[in-house]
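Undergrad: My questions all concern the structure below.
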Amino acid sequence: MYSPIESLKQLSQWDRHHHWHAFTQMGDYDPLVISRGEGCWLVTADGRRLLDGASSMWCNVFGHANPRINAAIIQQLSQIAHCTSLGMGHTTTIKLAKRLADIAPGGLEHVFFGSDGSSAIEVALKMAFQYWQQCPEPQPHKTKYLSFGAAYHGDTLGAAAVGGIGKFRSLFQPILMETIQVASPDPRPLAHLTEAEQTSKLLEPIREVFAKHADELAAVVIEPLVQCAAGMVMQPTGFLSGLAKLAREHNVLFIADEVAVGYGKTGSMFACNHEQVVPDFLCLGKGITSGYLPLSATITHSCIWDAFLGDRNSGRALYHGHTFSGNPAAAAAAIEVLDMFDELGTLDGVREREVILREWLDQLSQRREVRHPRVKGIIAAFDLDESAMVTPPIGYRVARRALEQGVWLRPRLDQVYVMPPLAIPLDELRHMLTVITEALEAEVG
Ligand code: PMP
């Protein structure tokens, strides 16, 4: 219908006008049109190749268009694409539930499927609330949630209510449920202290909140180890386990939002594994299908599950569900992803990549404008000093320059981060880091 160039022009116009993009000011949106993926590369409609530095928003584990994951999906499609999970199960989805129960931290064995990370959080929030209403010793006044400054748990209203990024939530404040919020567990202002001192300082206000409000708190919700959307804010060692211990002591349920950090991003399958934390709810999304199809999961233990059991007229069931909960095609992708983790030594590979990222940051940190270099698994970030605040901010400029050189980074104001697919080949990872270093040098001299 169109020549390639006309077609791209037309697509860009439609993209700008008809396609309302997430988290994007459409008034100044400059279309970047992707037509396919190849390994860790995105290929644009006009044939440019871009290394995927943010794993397509923290989803992709094994690269794009992976033949194994594609084949698993196609095989499932040849049987059935979708059937409901309301009152029935599907062989593939059932097997996935069992696989997840097998790998989740101790005793987490009941899996509720959704389609997005936000819905995984909504489910955990509702399960926690309902648990306290109908557990053996009900505590109906436990109706609030403890959340963290700078946290991000998604954009549906419940998930947004436990979020802490002002820009995303302040407008919606009047329609969000009330929460109790403590400051972000951000060690950067405490850089002069030892890690153990940082941990105890960051736990102090939480201890106070628990002492005062435990009887009204249903649950605490946190992104374990790394608050990603906050700007890759990395918690000091011991903070996560300290928080889990306090929650347990005060009878407050613990929701671990591993939508972003789960599936090996931190070097362990789940971030909670680093500190032997077993949450009451483990929320997964993104990497669960390597980002191939939408799927999320909320996994809990028998103590919660038992409180929802009763006869069909008891009113104790969880009245929550999504049409595509447990979609078999997505479940087939998720099973293949787990097989690949087992067979390809993916987690060992992350640790190898972490060393490369650390060496890169060590070198970069000799530059005056680079602040707070930090790395955990495949996630590496640094801040940029005041020079970042000129217009446009340096984080944007570095991302723009990297894009010109074929590396896609998610632009941020005063910061640069990478979170590539876990299986990125080492030479491609090194290439990505070189491009970023050169972009920074070109921007700040
Ligand atoms: N939790 C965390 C930690 C996230 O990073 C995100 C998405 N970036 C979500 C929840 C929400 O997931 P989704 O966008 O799939 O709803």
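Undergrad: Just a yes or no: is a residue in segment 133-150 at pLDDT below 95, among the small types (Gly, Ala, Ser) and open to solvent by less than 60 Å² (accessible area, probe 1.4 Å)?
TA: no
Undergrad: Still on this structure, I have one more. Would you say PHE129 is in contact (Cβ under 8 Å) with a residue 12 or more places away in the chain, part of a strand (DSSP E or B) and closer than 23 Å to ARG312 by Cα?
TA: no
Undergrad: Turning to a different aspect of this structure: Take the residues of segment 250-302 that are among the hydroxyl-bearing types (Ser, Thr, Tyr) and surrounded by 24 or more Cβ atoms within 10 Å (Cβ to Cβ): which is farthest from LEU422 (Cα to Cα)?
TA: First pass over segment 250-302, keeping only residues among the hydroxyl-bearing types (Ser, Thr, Tyr): 263, 266, 268, 289-290, 292, 296, 298, 300, 302.
Imposing the further condition that a residue be surrounded by 24 or more Cβ atoms within 10 Å (Cβ to Cβ) reduces the set to 263, 266, 289-290, 292, 296, 298, 300.
Working: TYR263: 9, THR266: 10, THR289: 13, SER290: 10, TYR292: 15, SER296: 19, THR298: 23, THR300: 26 Å.
Among those that are among the hydroxyl-bearing types (Ser, Thr, Tyr) and surrounded by 24 or more Cβ atoms within 10 Å (Cβ to Cβ), it is THR300.
Undergrad: Give ILE80, ILE73, ILE94 a once-over and let me know the one that is in contact with a Phe, Trp or Tyr (Cβ under 9 Å, 6 or more places away or on another chain) and among the aliphatic types (A, V, I, L, M).
TA: None of the others qualify; the one that does is ILE73.
Undergrad: Also: Which one of ALA244, ALA229 is outside any helix (DSSP H, G or I), open to solvent by 10 Å² or more (accessible area, probe 1.4 Å), among the aliphatic types (A, V, I, L, M) and in contact with a Phe, Trp or Tyr (Cβ under 6 Å, 6 or more places away or on another chain)?
TA: None of the other options fit; the residue is ALA229.
Undergrad: I would also like to ask the following. Which residues, counting only those in segment 174-203, are open to solvent by 90 Å² or more (accessible area, probe 1.4 Å) and within 18 Å of ALA150 (Cα to Cα)?
TA: Hits for segment 174-203 are GLU178, PRO189, LYS201.
Undergrad: Can VAL355 be described as farther than 30 Å from LYS95 by Cβ and either of a type in the set (Gly, Ala, Ser) or in a helix (DSSP H, G or I) (or both)?
TA: Spelling it out, VAL355 is indeed farther than 30 Å from LYS95 by Cβ and either of a type in the set (Gly, Ala, Ser) or in a helix (DSSP H, G or I) (or both).
Undergrad: Then there's this: Would you list the helices (runs of 4 or more DSSP H) that sit entirely within segment 40-115 and hold 1 or more residues that are touching a helix residue (DSSP H, G or I) at 6+ places or on another chain (Cβ under 7 Å) and among the small types (Gly, Ala, Ser)?
TA: 67-79
Undergrad: Which pairs turn up if I take residues in segment 399-411 that are in a helix (DSSP H, G or I) and look for partners that are surrounded by 16 or more Cβ atoms within 10 Å (Cβ to Cβ) with beta carbon separation below 6 Å, at least 6 apart in sequence or on another chain?
TA: Final answer for the pair search is ALA399/LEU409; ALA399/PRO411; ARG401/ALA439; ALA402/LEU409; ALA402/VAL435; ALA402/ILE436; ALA402/ALA439.
Undergrad: Follow-up question, since we're still on this one. What single numbered condition from (1) on the phi > 0 side of the Ramachandran plot; (2) within 12 Å of the ligand (Cβ to nearest atom) fails to hold for GLY238?
TA: Among (1) on the phi > 0 side of the Ramachandran plot; (2) within 12 Å of the ligand (Cβ to nearest atom), GLY238 violates only (2).
Undergrad: Okay, next question. Can you confirm whether segment 38-61 contains a residue that is within 16 Å of the ligand (Cβ to nearest atom), acidic (Asp, Glu) and open to solvent by less than 30 Å² (accessible area, probe 1.4 Å)?
TA: Checking segment 38-61: at least one residue is within 16 Å of the ligand (Cβ to nearest atom), acidic (Asp, Glu) and open to solvent by less than 30 Å² (accessible area, probe 1.4 Å).
Undergrad: Are there any pairs with C-beta distances below 6 angstrom linking a residue in segment 247-259 that is more than 27 Å from ASN60 (Cα to Cα) to a residue that is within 11 Å of the ligand (Cβ to nearest atom) and open to solvent by 20 Å² or more (accessible area, probe 1.4 Å), with the two at least 6 apart or on different chains, and if so which?
TA: none
Undergrad: Sticking with this structure for a sec: If I ask for residues that are within 15 Å of the ligand (Cβ to nearest atom), at pLDDT 95 or above, touching a helix residue (DSSP H, G or I) at 6+ places or on another chain (Cβ under 8 Å) and of a type in the set (A, V, I, L, M, F, W, C), which ones from segment 162-194 would you list?
TA: VAL162
The values are calculated or read from the model by the stated rules, or taken from the named source; none is laboratory data. Everything quoted here is computed from the prediction, not taken from an experiment. With ideal geometry, Cβ positions are generated from the backbone for all residues, glycine too; neighbour counts draw on all protein chains shown. Areas reflect the complete protein model, heavy atoms only, side chains present, ligands, DNA and RNA absent. Shrake-Rupley method; radii C 1.70, N 1.55, O 1.52, S 1.80 Å.
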